[in-house]
Amino acid sequence: MRWATRSGVHIDRAACAWLIRRFLDPQAEFVFVADPDEVPVDATAFDMRGVELSHHGGDCTFETMLRRFGLDDPVLWDLARIVHEADLADERYDAPEAPGLDVLLRGLSMICADQEVVTIGGRLFDGLYEHRRRALLLGREPS
Amino acid sequence: MVAGSISRWVLLAYRLPREPSTPRIALWRKLRRLGAAQLQDGLVALPLDARTREQLEWLAEEVSEAGGEAAVWLAEPATAAQERALATRMAALVAKEYRVVLAAVEAARLQPEGPRRRTVARLRRELRRIGQRDYFPPPEREQARAAVAELASQLEACAERAGRAAR
């Protein structure tokens, strides 16, 4: 399937692309557009104004995707807490990891094209997922 | 921004129903956290960058979802003086926040070590929060940062002395 989002990928879009590839559509192909009008007709748009898979009711797109696709894995919701704060910093959640992740993604987007941000960001999220999975299993921070 | 030069801004024009008031208050809080300058009723501005533009776009979406109308515009002030006036106003608002931090540092000097440590942690978070909406840093920024850093280094010195005494 084709998926489309705004170019200049940052935290929320990188997290969503990772979520799509890992949990929804392993063959996902991403298109990056400068304007909503450029979304190809056969692509599902996300993290753009006016589309269903976007910010809603104060949720970021990553949270919207978890809700819309019924992904109830508690590890993903723990990542959602971090992604939400890294994206919006509205202090809805306590996420000390968020400012660091925000900076990493911002730096990455300064040196890479969007496709590469998604690829490298994907590995970051793989690691973050594993870290939070072990933390939830252990009930404390894993070493 | 270089003094006198004109830069680009992102504007959010919005209208929300008077009732219910919850979305109005939520929007007002978010605009305040972003440090948006209120140009008029229903019109706010931020210096343009990828983040500010995106944040205002999401707020526009929230306004629409709450039954209101919103549009995001990219703009330039017609004169440098107009821009300076706006920047000065925005800087004055964050300067006030930095002065609150400076006052808290003064008050913390009288605190015992434990509460003082917690104050340092709280003020560091506060500085980060203010930094997110500090687009035209006033001199108070460096003063507040230096004051918090000094308070923190005094605590370190305290801990070191205590460590040496224990050995």
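We did not get these values from a lab; they are worked out from the coordinates using the rules stated. Treat the numbers as computed from the prediction; the structure is a model and nothing was measured. Glycine gets a Cβ as well: all are built from the backbone with ideal geometry, and neighbour counts include every protein chain shown.
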Over the protein assembly as shown, consider all pairs of different Cα atoms and compute the Kirkwood hydrodynamic radius from their mean reciprocal separation; express it in Å, one decimal.
21.8 Å
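Over chain B, what per residue volume does the convex hull of the Cα atoms give, in whole Å³? Before the final figure, lay out each step's value.
On the way: hull volume 24.0 nm³, N = 167.
With only Cα atoms used, chain B gives 144 Å³ per residue.
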Within 10 Å of each Cβ of A:54-61, how many other protein chain Cβ atoms are there on average?
3
Shielding of A:41-53 by other chains, given as the mean Cβ count within 10 Å, works out to 1
Per 5 Å bin, what is the whole-percent P(r) computed from every C-alpha pair distance within the stretch B:82-122?
5, 22, 20, 14, 12, 9, 8, 6, 3, 1
Residue-averaged beta-carbon neighbours from other chains (10 angstrom radius) around B:6-16
0
Cα centroids of the stretch B:52-126 and the stretch A:75-143: how far apart, whole angstrom?
25 Å
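Which order, highest average first, do B:89-102, A:32-45 follow once you tally other Cβ atoms within 10 Å for each residue and take the mean per peptide?
On the way: B:89-102: 17.1, A:32-45: 13.1.
The most tightly packed comes first, giving B:89-102, A:32-45.
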Solution diffusion estimate, µm²/s, Stokes-Einstein, the stretch A:81-127, Kirkwood Rh from C-alpha pairs, 37 °C, viscosity 0.692 mPa s:
297 µm²/s
Quick one: Kirkwood hydrodynamic radius for chain A, alpha-carbon pairs, angstrom, one decimal?
15.3 Å
What distance in nm separates the two pseudo spin-label positions at B:Ala166 and B:Ala71, each 7 Å out from Cα along the beta-carbon direction?
6.5 nm
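Going by how many other Cβ atoms sit within 10 Å of their own, how do A:Leu24, A:Leu53, A:Leu101 line up, fewest first? Each step should come with its number before you reach the end.
Values: A:Leu24 14, A:Leu53 20, A:Leu101 23.
Final ranking by Cβ density, sparse to dense: A:Leu24, A:Leu53, A:Leu101.
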Quick one: pull the percentage of alpha-carbon pairs in the stretch B:102-167 with a separation above 17 Å.
44 percent
Rounded tilt (10° steps) of B:22-34 against the dominant C-alpha axis of chain B
60 degrees
Would you work out if the stretch A:17-95 is rounded, prolate or oblate? Take a ≥ b ≥ c from the square roots of the eigenvalues of the alpha-carbon gyration tensor; rounded if a/c is under 1.5, else prolate when a/b is larger than b/c, oblate otherwise.
oblate
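Arrange the peptides A:104-114, A:118-128 so that the one whose residues have, on average, the most other Cβ atoms within 10 Å appears first.
The packing order, highest mean first, is A:118-128, A:104-114.
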